[in-house]
Amino acid sequence: MPQTKIRMINSVHGYFRDGSHYNLTAGEYKWVDEAKADEFIVKGYAEGRLSRPYSDDEIAAIRASIQVISLDQEGLTNG
Amino acid sequence: MANGFYQLGMAEWAKGLIHWSATDTMSTILGDAADYTVDLATHDFLNDVAAGSREEGPVNIGSLAVLADGVVDGADITFTAAAGDPCEWLLIYKNTGSEATSNLLIYIDTATGLPVTLNGGDVTVQWDSGSNRIAKI
């Protein structure tokens, strides 16, 4: 499968289809399968070159499954 | 409960044994309060956190930065294809590779989006973009 070089924006934890574990850290450059690279780029987790153009509908569908936990202004202070 | 610092971890931080930089690896896990009751006063290492309570992660925080006034920051994190029990908390710890020496630092159970029901999709954690970022120590 073709590989694409990406630069991580988020740190991302998960599993590849073969079951192998990955833990990609923000700032890291990584070669990953083209489909995974496209997914990460569309979701905003990484920078890189998409293998093809994605329509707004496709992008919305890919991003639809993301849930967000946000600290907003609740960032923790000590004391 | 509310967001808080693990007191024994903070003591190690004050001694200069915790480095919020590339020197140390800071990791985050997402977990289930049904299987772990936090004790900020006495829990010191990751082995105090029941393994069965850790639903997702660890994911390492990248771009660690210390800002003015003791504010610590880092890049947002994502748990992909997250599945399992509902999760009520996040915690951040210094990951040494050994649970018995990985210092617990920060516990978060109050944030928009918590608790979260894992549905097989991704869960992204966005740190505060305001004055406190991840935490102000």
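Taken as a whole, the condition of being assigned to a strand (DSSP E or B) and more than 9 Å from chain A (Cβ to nearest Cβ) does not apply to B:ILE18.
Within region B:56-81, which residues are out of contact with any Lys or Arg (no Cβ under 8 Å at 6 or more places or on another chain) and either free of Cβ contacts under 8 Å to residues at least 12 places away in the same chain or more than 8 Å from every other protein chain (Cβ to nearest Cβ) (or both)? Matches in region B:56-81: B:LEU64, B:ALA65, B:VAL66, B:ALA68. A:VAL12 meets the stated requirement of being in contact (Cβ under 8 Å) with a residue 24 or more places away in the chain and within 30 Å of B:ASP109 (Cα to Cα). Looking at region B:51-137, the strands (runs of 3 or more DSSP E) lying wholly inside it that each contain 1 or more residues that are crowded, with 21+ Cβ neighbours inside 10 Å and at negative phi sit at B:54-60, B:71-73, B:77-79, B:89-94, B:104-108, B:123-126. Being part of a loop (DSSP other than H, G, I, E, B), facing chain A (nearest Cβ under 10 Å) and either farther than 25 Å from A:ALA46 by Cβ or at pLDDT 95 or above (or both) is a property that B:THR28 lacks.
Across region A:10-55, the qualifying residues are those that are of a type outside the set (Ser, Thr, Tyr) and in contact with an Asp or Glu (Cβ under 6 Å, 6 or more places away or on another chain), and the one among them that is surrounded by the fewest Cβ atoms within 10 Å (Cβ to Cβ) is A:LEU50.
Answer yes or no as to whether B:ILE92 is more than 7 Å from every other protein chain (Cβ to nearest Cβ) and modelled with pLDDT of 95 or more. Against the criterion (more than 7 Å from every other protein chain (Cβ to nearest Cβ) and modelled with pLDDT of 95 or more), B:ILE92 qualifies.
Listed here are the strands (runs of 3 or more DSSP E) enclosed by chain A that have at least 3 residues being farther than 23 Å from B:MET26 by Cα: A:3-8, A:29-33. Looking only at region B:22-36, filter to residues that are among the hydroxyl-bearing types (Ser, Thr, Tyr) and in contact (Cβ under 8 Å) with a residue 40 or more places away in the chain; which one of those is surrounded by the fewest Cβ atoms within 10 Å (Cβ to Cβ)? Checking each candidate, the answer is B:THR25. The sole residue among B:GLY84, B:GLY62 that is modelled with pLDDT of 95 or more and not aliphatic (A, V, I, L, M) is B:GLY62. Of all the numbered requirements in (1) within 14 Å of chain A (Cβ to nearest Cβ); (2) assigned to a loop (DSSP other than H, G, I, E, B); (3) not charged (D, E, K, R), B:ALA34 misses one, and that requirement is (1).
The values are calculated or read from the model by the stated rules, or taken from the named source; none is laboratory data. In this text, all values refer to a predicted model and were calculated from it rather than measured experimentally. We place every Cβ from the backbone using ideal geometry, glycine too, and count neighbours over all the protein chains shown.
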